[in-house]
Amino acid sequence: MRIKDKTIAVLWGLTFLAGQAWAQTVEVGIKDYKYEPAELKIKAGTTVKWINNEKRVSHSILFTGPDGFESERIFPGEGWQRTFDKPGVYLYTCGPHPEMKGRIEVTE
Ligand SMILES: [Cu+2]
């Protein structure tokens, strides 16, 4: 590898790392049948990771609305994540516990 190629490789690597740092992950805890925080405002491209901090109860993330879907069941100590690329308001609840409510606002 010539020096110039090495420089390009290093620059490429740095650009990649910068991109990774830019793409943020925000955590939402689940405890006592509540999402914490229940309301979140994030930028498009952000990943939200839900973490079940309960001792025994499992939960899910059920997005309501026309193209809604439900996550797999999240057991205590486990997490589930979704990246939000499209701006909008995403309302969700928990499949087995409809009294649990969450809201994510995704901005440009
Ligand atoms: Cu639940």
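Some notes on this structure:
- Pairs linking a residue in the range 58-71 that is acidic (Asp, Glu) to a residue that is within 14 Å of the ligand (Cβ to nearest atom), with Cβ atoms under 6 Å and 6 or more positions apart or on different chains, are 70/60; 70/62; 70/95.
- Any hit, the range 39-62, residues being out of contact with any Asp or Glu (no Cβ under 8 Å at 6 or more places or on another chain), exposed (fewer than 14 other Cβ atoms within 10 Å of the Cβ) and on the phi > 0 side of the Ramachandran plot: no
- Whichever residue in the range 59-70 is assigned to a loop (DSSP other than H, G, I, E, B) and away from the ligand (no atom under 11 Å from the Cβ) and, among such residues, is farthest from the chain's Cα centre (by Cα): 66
Read-outs: derived from the displayed coordinates by stated rules, not from any lab. Since we're looking at a predicted model, the values are computed, not measured. Note: ideal-geometry Cβ built from the backbone for every residue, glycine included; neighbour counts use all protein chains shown.
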